[in-house]
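**Student:** Quick one: structure below, then a few questions.
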Amino acid sequence: MASPNQTRATAATYQGTDKLIVGIVLAVITFWLFAQTTLNIAPVMQEELNISHTLNNLAVSITALFSGIFIVVAGGLADRIGRVKMTYIGLLLSIIGSFLIVISPSGTAVFLLAGRILQGLSAACIMPATLALMKAYYDGKERQRALSFWSIGSWGGSGLCSLFGGLVASTMGWRWIFILSIVVAVVSYLLIRGTPESKSTTTDEKAFDWPGLIAFIIAMLAINIVIGQGASLGWLSPLVLVGVAVFIIAGIIFLRIEKRSENGFVDLSLFSNQTFSGATLSNFLLNGAAGTLLVSLALVQAEAGLSSLQSGLITIGYLVAVLSTIRVGEKLLQKMGPRKPMLLGCFITGVGILLTCLTFLMAEQYIIASFIGFTLFGIGLGFYATPSTDAALSNVPGDKAGSASGLYKMASSLGAAFGVAISAAIFYGLSQHEGMPPLADLFMGRTDNANVRFAAGIGLLFNVFMIVVAIVAIMLTIPKSSPEETLASPNV
């Protein structure tokens, strides 16, 4: 076994390879492709496992929630114990979580929920650690290229998950999705194995910030319960009001702890960097637009009679667009800097989501509009992905790469968790209203489902609103830097 000094020397001279990139991309898609398929196959899982609608929805959202809660902690641990080691831990958790889902018996959600929680913890380990490895072992244009492939695994996986899940579920059975996830995790480990360890050079070991973490967990769980159960319990019910109070109190306590702590698990000093703050906020909002997928696909399955595979086909344009434009976003970054491609990407994404809001159309017309909308959605995200990631990480100190990556990916996971939860709450809450909805005369075709279609339109418009806020955030925080300044950054 090599001594620590030899390991550091090897890591210092190591240059990232294509093999490492492939291994990292496969690690990333264990979450974005395989774990996220539940957005489309949830009805099939619910029927076979014979569990309640509430438990099934919880199983869908809990993975992103746990990923978001623990991703910053995992990023900090990756800096301390090693990013390669943390990636291995994440892959192991993914394998165990997928296995529990595969063996889930009918009539109970215990194995399913445990497996989904482990998948969330797996993502928390993998995302910041692999991003930090990209920063550590690739430089300049090579780093931007590596981040593009990382984004293909992330954004491309999220685009393919609906189609992939529907295809596998309708041909081999939904359990095979998670069997394949185990295989991919094993292959990822074999490709990454042998990579020199990368960790922070800081030797100052301080006590972990358990009070801050506990306050953060309580706040996130409280607000998630409020969002998920508010419509069914009543927004002014005592339980919901208590949940809101717990969230506010825990949130205030968390901020006070982090401001006073010298070793907070969330490094608030990173937000003093305006560019990092803007990129992270816009990343949260664009990931929150994942609610578009849930609402639009649920609508066409429930009201147009499409299967999970047929509804997944509507998003194929999204997949092709993301995979074909992420490298375009990389080139735009090199030519323009991050600001312009981020704004362009958000604008195109907003137009795409707006097309999915046209729920007053006939079913055939809506399917066409949604197909075009998802394609534009993918183009916009492809333009946005690499410039945003580069803007977030290019100026943070090397010793804080794991923590910064963790915060950035926390924004991704929490954005997806809360975006989906809020969109679903709006959709299912308004769907229960009786009587004709506002602007009922606009709805073509059947009118007996006008309430559901109206509810879906409002839920989808919420996602457009988030994109508008993202555009404003980018305009206020991302500087008009030149591509030469981007490439000349000492931390690129």
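**Student:** Can you tell me which of LEU33, LEU121, LEU65 is in the same structural domain as LEU313 (by TED's automatic domain parsing), of a type outside the set (Lys, Arg) and over 26 Å from ASP267 (Cβ atoms)?
**Tutor:** After applying the criteria, what remains is LEU33.
**Student:** Just the residues that are farther than 17 Å from ILE29 by Cβ and crowded, with 24+ Cβ neighbours inside 10 Å, please, taken from the stretch 85-94.
**Tutor:** MET86 - this is the single residue of the stretch 85-94 that is farther than 17 Å from ILE29 by Cβ and crowded, with 24+ Cβ neighbours inside 10 Å.
**Student:** Moving to a separate point now. Of all residues being without any contact (Cβ under 8 Å) to a residue 60 or more places away in the chain and in contact with a helix residue (DSSP H, G or I) (Cβ under 8 Å, 6 or more places away or on another chain) in the stretch 316-339, which is farthest from LEU293 (Cα to Cα)? Just the residue, please.
**Tutor:** Restricting to residues being without any contact (Cβ under 8 Å) to a residue 60 or more places away in the chain and in contact with a helix residue (DSSP H, G or I) (Cβ under 8 Å, 6 or more places away or on another chain), the top hit is LEU332.
**Student:** Here's a follow-up. What about ALA169, is it outside the structural domain of TYR318 (by TED's automatic domain parsing) and more than 26 Å from LYS135 (Cβ to Cβ)?
**Tutor:** So ALA169 fails the test.
Yes/no per residue for (1) surrounded by fewer than 20 Cβ atoms within 10 Å (Cβ to Cβ); (2) under 20 Å from the mean Cα position of the chain (by Cα):
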site	(1), (2)
ILE96	yes, no
SER104	no, no
PRO128	no, yes
ILE177	no, yes
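**Student:** Among the residues of the stretch 250-289, which ones are touching a Lys or Arg at 6+ places or on another chain (Cβ under 7 Å) and under 16 Å from ALA219 (Cβ atoms)?
**Tutor:** LEU268
**Student:** Hey, another quick one. How do the helices (runs of 4 or more DSSP H) wholly within the stretch 332-451 filter down when requiring 3 or more residues that are over 23 Å from ASN283 (Cα atoms): which remain?
**Tutor:** Qualifying helices (runs of 4 or more DSSP H): 363-393, 401-431.
**Student:** Let me ask something additional. For the stretch 278-327: of the residues being of a type in the set (Ser, Thr, Tyr) and under 14 Å from the mean Cα position of the chain (by Cα), which is nearest to ARG453 (Cα to Cα)?
**Tutor:** THR292
**Student:** Has the stretch 213-221 got any residue that is crowded, with 21+ Cβ neighbours inside 10 Å, in the same structural domain as TYR138 (by TED's automatic domain parsing) and at pLDDT 90 or above?
**Tutor:** Taking every residue of the stretch 213-221 in turn, none turns out to be crowded, with 21+ Cβ neighbours inside 10 Å, in the same structural domain as TYR138 (by TED's automatic domain parsing) and at pLDDT 90 or above.
**Student:** Now a separate question. Go through the residues of the stretch 191-211 one by one and say whether even a single one is in contact with a Ser or Thr (Cβ under 9 Å, 6 or more places away or on another chain), over 30 Å from PHE99 (Cβ atoms) and in a helix (DSSP H, G or I).
**Tutor:** yes
**Student:** Could you check the stretch 130-146 and list, in sequence order, the residues that are charged (D, E, K, R) and either within 14 Å of VAL22 (Cβ to Cβ) or under 19 Å from the mean Cα position of the chain (by Cα) (or both)?
**Tutor:** ARG145
**Student:** Residue under question is SER307, and the condition is that it be surrounded by fewer than 19 Cβ atoms within 10 Å (Cβ to Cβ) and more than 30 Å from ILE217 (Cα to Cα); does it hold?
**Tutor:** Against the criterion (surrounded by fewer than 19 Cβ atoms within 10 Å (Cβ to Cβ) and more than 30 Å from ILE217 (Cα to Cα)), SER307 qualifies.
Yes or no, residue by residue, for (1) at pLDDT below 85; (2) outside any helix (DSSP H, G or I); (3) under 15 Å from PHE465 (Cβ atoms); (4) in contact with a helix residue (DSSP H, G or I) (Cβ under 9 Å, 6 or more places away or on another chain):
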residue: LEU270; (1), (2), (3), (4): yes, no, no, yes
residue: THR275; (1), (2), (3), (4): no, no, no, yes
residue: GLY278; (1), (2), (3), (4): no, no, no, yes
residue: LEU281; (1), (2), (3), (4): no, no, yes, yes
residue: LEU286; (1), (2), (3), (4): no, no, yes, yes
residue: LEU293; (1), (2), (3), (4): no, no, no, yes
residue: SER296; (1), (2), (3), (4): no, no, no, yes
residue: VAL300; (1), (2), (3), (4): no, no, no, yes
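**Student:** Could you please give the count of residues in the stretch 350-360 that are crowded, with 18+ Cβ neighbours inside 10 Å and within 12 Å of PHE443 (Cβ to Cβ)?
**Tutor:** So the answer is 2.
The values are calculated or read from the model by the stated rules, or taken from the named source; none is laboratory data. Owing to the predicted nature of the structure, the values given are computational and were not obtained by experimental measurement. Neighbour counts are summed over all protein chains in view; Cβ atoms, including those assigned to glycine, are modelled from backbone coordinates with ideal geometry.
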